Amino acid sequence: MSHLSQRPADPVVGRALPHESAALHVTGAALYTDDLVGRTAAVLHAHPVQSPHAHARVTDLRIAAALEVPGVVRVLTGADVPGVNDAGVRHDEPLFPTEVMFHGHAVCWVLGETLEAARLGAAAVEVDYEPLPSIITVREAIEAQSFQGAQPVMVRGDVEAGFARAAHVFSGEIEFAGQEHFYLETHASIAQVDENGQIFIQSSTQHPSETQEIVAHVLGVPSHAVTVQCLRMGGGFGGKEMQPHGFAAIAALGATLTGRPVRLRLSRTQDLTMTGKRHGFHASWRVGFADDGRIEALDATLTSDGGWSLDLSEPVLARALCHVDNAYWIPEVRVHGRIAKTHKTSQTAFRGFGGPQGMLVIEDLLSRCAPRLGLDPGDLRRRNFYAAGQATPYGQVVRHPERMEVTWQAVLDGADIASRQAEVAEFNRTHEDVKRGLALTPVKFGISFNLTAFNQAGALVHVYKDGSVLINHGGTEMGQGLHTKMLQVAATTLGLPLERIRLAPTRTDKVPNTSATAASSGADLNGGAVKDACEQITERLAQVAAARLGVPAESIHFHDGMARSSHPLEGADSAGTRSISWEDLVVAAYFDRVQLFAAGYYRTEGLHWDSAIFQGSPFKYFAYGAAAAEVEVDGFTGAYRTRRVDIVHDVGDSLSPLIDIGQIEGGFVQGAGWLTLEDLRWDESDRASRGRLATQAASTYKLPSFSEMPEDFRVSLLEHAHEEGVVYGSKAVGEPPLMLAFSVREALREAAAAFGPAGTSVHLASPATPEAVYWAIEQARSGGDTTVLEEASARDGDVVDGREPDGARRDGAPARLPLASPSHGIPSDVERGTYPADARVRR
Ligand code: MTE
Ligand code: MOS
């Protein structure tokens, strides 16, 4: 067992503890960034002037009238930027644009003594626009060939040979929606400048180091002049990985120019209309199956809707490609990815980071093809699980593939699936207007940042003379329980009770050059760094204790506030050991002039990734899980409820089981929201309001709430799941459970299909809102999914060119060509899997 993953006896990790701030959260005492306004004197408030066009040139900007508004102090425009007028890392996001790229784009910002003064000032700013043509939907972008960034291709084997081998070849397409983060705390920053020009920004950011870098380049100062602190976030979910930077830069610019603290906090509607969301995707695919249902080949094109700038779209797309396989072995595969450039908010990271989108493509096509193959979708899935020794399409051997089988079987047994399937069948036989569906889906999700360099972290641990301990680490707390886990790691390594340890807010002047708290890797990375720092301290203290006790240093162990020697000697205590209390030892070490603080560091070993050829072993390991969902659907309205959900999920040996179960429940519900409820709508008309986000509030954007929770929700952690080479044998948990929610979508599809004859294939839109389910029911009643085309079998010597399905269909309806057939429009160099080497793929 590796040193990193080995647990001492009676560790503090693994205990079921509440979130370290739970009491503060529920009493309202927890401080969030914007709560600091009341504690800061002479704060100015920032308000944006937002564009009423999806795409337009700014031909004139007149601020004089705003300055006349009582309480307005200053209007910030592009002319004020001393450094680089850009808020992104790709230099494609002007902070003050001269060409507005989406409806709601901020043209300039007004600072006022009150938020109301700033708002009235913003309303008084006069902007002249010359409207330009706009692209709103991903389909429009594909038609216009409006793309941005790299177009990766992931290839293994020979897809055409796979199709030639296949007994059945199907093709189809799907377009599915993005998702609003709807964190409870909207974007917020407060900036202050001291007498020396040192800038201090408190920001609700998942990536304080990058917020620091962007602020520094906007202001034209070195990074050491900018400190960013994140107290905690009221949810980030990926939405605060890149998007906070520009807002922090506005606040910092305002503070430098006025010498006063500046606060910027978006209202909910501003947050919804200005900040990026989960990417919606369009996918077209062609898949070949052997007679027994094994996948022979997959050829697909995934087009994500990137919005107006790149932001994190390239790495999100890369992760989508890396998760198109989900849990399934696909011998021959070619997947092409591209990013549509549309006049919408710049879509960004969101829990799963493209993984859910990649997985939706395969989960959807399996369920649409299963009835055509005469197979139960669950059986089709299981038949295609990875086996030992097999590698992903990008070349990483799948470690512990048996955990897919084990979690799947645990759900089958624990949720009593066989007998419940019989009950569902009986229910459906005896009910004409209400039907039930029960579906299982698996999850395999890669953990680590694809970009190897990001897999490093730091920590700073101080032991004070009274023996109390203060830890800092590079990760941010957004509700996911990272700080709770880090306290447990430190307590375990130092052998101290939790109460002796306190954790300080994340700051760039404590731990520099951090990665975003993202990719679910927060606990793996920062846990490694905290453990390293604590071990440096215990190693030094062991020397001090050994000298005092007259034993070898290797014999010293730290547990429960004592340093004990396992070396049997005269004068030992009743347990046959010699010991010294932590407090005495710390004082002794101080007088011996032994350093009582340490900077810890961790980097994940064994990773490599070549984005140019889309090959490597980018992930330390995979997280696994399986879920079964049962739903009931009303045939008149499409309304449904989730009757029961059973989950078995692999978190390794849990660092903190209560936290992990909360993450699984929350992730699952958030995933179910994306797949079944949350319906982002933009104005796609040709009216003046074209491009306006129509769902600007919780009144029109439906979020999951208590009433959408599964009526019976059973979550368990996979047992005996120790993960070698990860801190205390644990695994990451933040994102993977979101994708367990595919079980709900598939259960809805099965319930809808039950309104048609047995074996009906159903195309279900995503999100599967009651309306979408209603249309799926109508489809089932009238012959089923006619959009998946089956090509004439290669065995009949009649190979069909994937670019032009021949329209041979079971129902004889006219063929509808996929909008973008899998190999259409790929430049030949891309086809070979090499795209420009300078295409920087982040994460
Ligand atoms: N849980 C809560 N409560 N709030 C959040 O914002 N973000 C998710 C997940 N769980 C989030 C959450 C996302 S997108 C990620 S990447 C991980 O937490 C990040 O934290 P970790 O790396 O510490 O797991
Ligand atoms: Mo999470 S989307 O990696 O912040």
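How many Å³ per residue does the convex hull of the Cα positions in region 407-526 occupy?
On the way: hull volume 21.8 nm³, N = 120.
Spread over its residues, the Cα hull of region 407-526 gives 182 Å³ apiece.
Any chance you could check the Cα centroid distance between region 304-343 and region 70-92 for me, in angstrom?
Taking the Cα centre of each part, region 304-343 and region 70-92 sit 32 Å apart.
For the chain, what is the charge dipole size about the Cα centre, in debye to the nearest 20, if Lys and Arg each add +1 at the Cβ and Asp and Glu each add -1 at the Cβ?
Dipole about the Cα centre, nearest 20: 1020 debye.
Which ³J(HN,Hα) values in Hz, rounded to whole numbers, follow from the phi angles of region 442-453 under the Karplus curve 6.51 cos²θ - 1.76 cosθ + 1.60, where θ = phi - 60° and Gly and Pro get x?
x, 10, 10, 9, x, 10, 2, 6, 4, 6, 3, 4
If each DSSP helix of 4+ residues adds -39,500 (n - 2.57) and the sum is divided by the residues in the chain, what number results at 222 nm, nearest 500 deg cm²/dmol?
Mean residue ellipticity at 222 nm (helix-derived): -8500 deg cm²/dmol.
Non-local amide H neighbours of Glu99 (under 5 Å, H modeled in plane, Pro and chain starts lacking H): which ones?
Those qualifying (amide H under 5 Å, at least 5 residues apart or on another chain) are Val58.
In region 127-203, which GluC sites (Glu not before Pro) are in a loop and have at most 16 other Cβ atoms within 10 Å, using DSSP for the loop call?
Glu195
Please list 296-309, 126-139, 75-88 highest first by mean number of surrounding beta-carbon atoms within 10 Å per residue.
Per-residue Cβ counts within 10 Å, averaged per peptide and sorted highest first, yield 296-309, 75-88, 126-139.
Show me, for region 10-15, the HN-Hα J-couplings you get by feeding each phi into the Karplus relation (A = 6.51, B = -1.76, C = 1.60, θ = phi - 60°), rounded to Hz, glycine and proline as x.
Going residue by residue, I get 6, x, 6, 5, x, 7 Hz, with x marking Gly and Pro.
Using amide H atoms built in the peptide plane, which far-off residues or other-chain residues are under 5 Å from His55 H to H?
Amide H to amide H, under 5 Å and 5 or more residues apart or across chains, His55 pairs with Leu132.
With unit charges on the beta carbons (Lys and Arg positive, Asp and Glu negative) and the dipole taken about the Cα centre of the chain, which residue among Thr301, Pro261, Gly528 sits farthest to the positive side?
After comparing all options, I get Pro261.
Compactness ratio of region 181-267: Cα Rg over 2.2 N^0.38 Å, N = residue count?
Cα-based Rg divided by the globular estimate yields 0.99.
Can you sort Lys341, Lys444 by solvent-accessible area, 1.4 Å probe, largest first? Show your work: numbers first, answer last.
Working: Lys341 70, Lys444 0 Å².
Largest accessible area first, the list is Lys341, Lys444.
Averaging the inverse of every distinct alpha carbon separation and then flipping it gives the Kirkwood radius. What is it for the chain, in angstrom units?
28.3 Å
Which percent of the Cα-Cα distances in region 12-122 go past 20 Å?
Details: 3550 of 6105 pairs.
Beyond 20 Å sits 58 percent of the P(r) for region 12-122.
Quick one: check the C-alpha center-to-center distance for region 464-526 versus region 758-793, whole angstrom.
Region 464-526 and region 758-793 have Cα centres separated by 49 Å.
Using a 1.4 angstrom probe on the protein heavy atoms only, line up Arg294, Arg403, Arg745 by accessible area, largest first.
Arg294, Arg403, Arg745
Which residue, chosen from Gly495, Ile580, Ser134, occupies the Cα position most advanced towards the positive end of the dipole of the chain, where the dipole is computed from +1 (Lys, Arg) and -1 (Asp, Glu) charges on Cβ about the Cα centre?
Farthest along the dipole direction, towards plus: Ile580.
Using amide H atoms built in the peptide plane, which far-off residues or other-chain residues are under 5 Å from Leu44 H to H?
Result for Leu44 returns Val262, Arg263.
Give me the 1.4 Å probe accessible area per residue for the chain, excluding ligands and nucleic acids, in Å².
The answer is 35 Å² per residue.
Return the subset of Lys341/Lys702; Lys277/Lys341; Lys485/Lys731 for which the Cα-Cα distance in this structure is over 23 Å, preserving the input order.
Lys341/Lys702
With θ taken as phi - 60° and the coefficients 6.51, -1.76 and 1.60, list the Karplus ³J(HN,Hα) couplings across region 198-203 in order, rounded to whole Hz; mark glycine and proline as x.
6, 9, 10, 10, 9, 9
So which aspartates and glutamates pass the test for Lys510, namely a Cα distance under 17 Å, with those fewer than 8 places away in the same chain ruled out?
Output for Lys510: Glu210, Glu213, Glu477, Asp532.
In the chain, carbon and sulfur make up what percent of the accessible area (probe 1.4 Å)?
Roughly 53 percent of what the probe reaches on the chain is carbon or sulfur.
Please report how far the C-alpha centroid of region 592-651 lies from that of region 425-445, rounded to the nearest whole angstrom.
Result: 26 Å between the Cα centres.
The values are calculated or read from the model by the stated rules, or taken from the named source; none is laboratory data. Source: prediction; values computed, not measured. Cβ: placed from backbone, ideal geometry, glycine included. Neighbour counts: every protein chain shown. With ligands, DNA and RNA removed, areas are computed over all heavy atoms of the protein, side chains included. Shrake-Rupley method; radii C 1.70, N 1.55, O 1.52, S 1.80 Å.
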